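What follows draws every value from the coordinates through simple rules; no lab data is involved. Fair warning: this is a prediction, and the values are worked out from it, not measured in the lab. Cβ sites come from the backbone with ideal geometry, for glycine too, and all protein chains shown count toward neighbours.
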Amino acid sequence: MASNPSTVDLGSPAELERRLALIPPGDTARGYFFNCALEPIRMLGDAEALERCLETSGREEFTAFFNYPISTLLPLLYTAAWALRESSGSFEEALRQLGKHVAKHFLANPVGRALLMLAAKSPTQLVNGLPAAYRTGWGHGRGAVKWTGLNQCAAFIHGNVIPYPYFEGVFLEVFQAAGATGLKVTGRQVGPADTDYDISWS
């Protein structure tokens, strides 16, 4: 039985290898996740870091809505977060910033704009659209939500090996774009490839 990836050594090469071993063959993500991991490294201006990321990704650019392997995305995100760790303060915060960056890109594309239009600038309506939004980007794992009170919900991303700080960043950016104030997002690892999130706003 696979062991739960430890959050204590989150960001270590050994922890990355444990996550890679959990990826089912054929699982994918859209190309914009890959492009949004590379963009901050280009902006960093560190040629060696960019070279490491390009070696990991195997290409310089991805077609936004084509599908590419999770087994490439995960090490790319780790390589990018390692490069951004010093400027971000920690590996976890670097992942969080990468999640925010991809969410900004998603909200600017037609699917993301449609999500915000349906949400009518309301976090309440946004919550109900999250599982469908997840399916547009990921051919890996599943997303679900449930209401836990007034202006608060729980989100579940199960069967996805990407560490929880990345999705904390995604949720922070998406809910802020929908007009949420007093926003709090707390993620946690609950299984080998399972993460849960408590989301609340005022």
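Assorted remarks:
- Computed helical MRE - 222 nm, the chain, DSSP H runs ≥ 4 contributing -39500 (n - 2.57), nearest 500: -17500 deg cm²/dmol
- Charge dipole (Cα centre; +1 on Lys/Arg Cβ, -1 on Asp/Glu Cβ; no other charges) of the stretch 13-106 amounts to roughly 340 debye.
- Cross-link reach list, aspartates and glutamates versus residue 100, counting only Cα pairs under 18 Å and skipping chain neighbours closer than eight places: 39, 86, 92, 168, 173, 196, 198
- Magnitude of the charge dipole, the chain, Cβ model with Lys/Arg +1 and Asp/Glu -1, debye to 20: 780
- Short-range pairs are left out: with C-alpha atoms under 8 Å and at least six residues apart, the relative contact order of the stretch 121-200 is 31 percent.
- Computed magnitude of the charge dipole of the stretch 121-200 (debye, nearest 20; Cβ of K, R +1, Cβ of D, E -1): 180
- Cα principal axis extents for the chain, largest first, Å: 46, 38, 34
- Gyration tensor verdict on the stretch 82-127 (Cα atoms; rounded if a/c is under 1.5, prolate if a/b is larger than b/c, oblate otherwise): prolate
- C-alpha center-to-center spacing [the stretch 132-166, the stretch 60-121] in angstrom: 15
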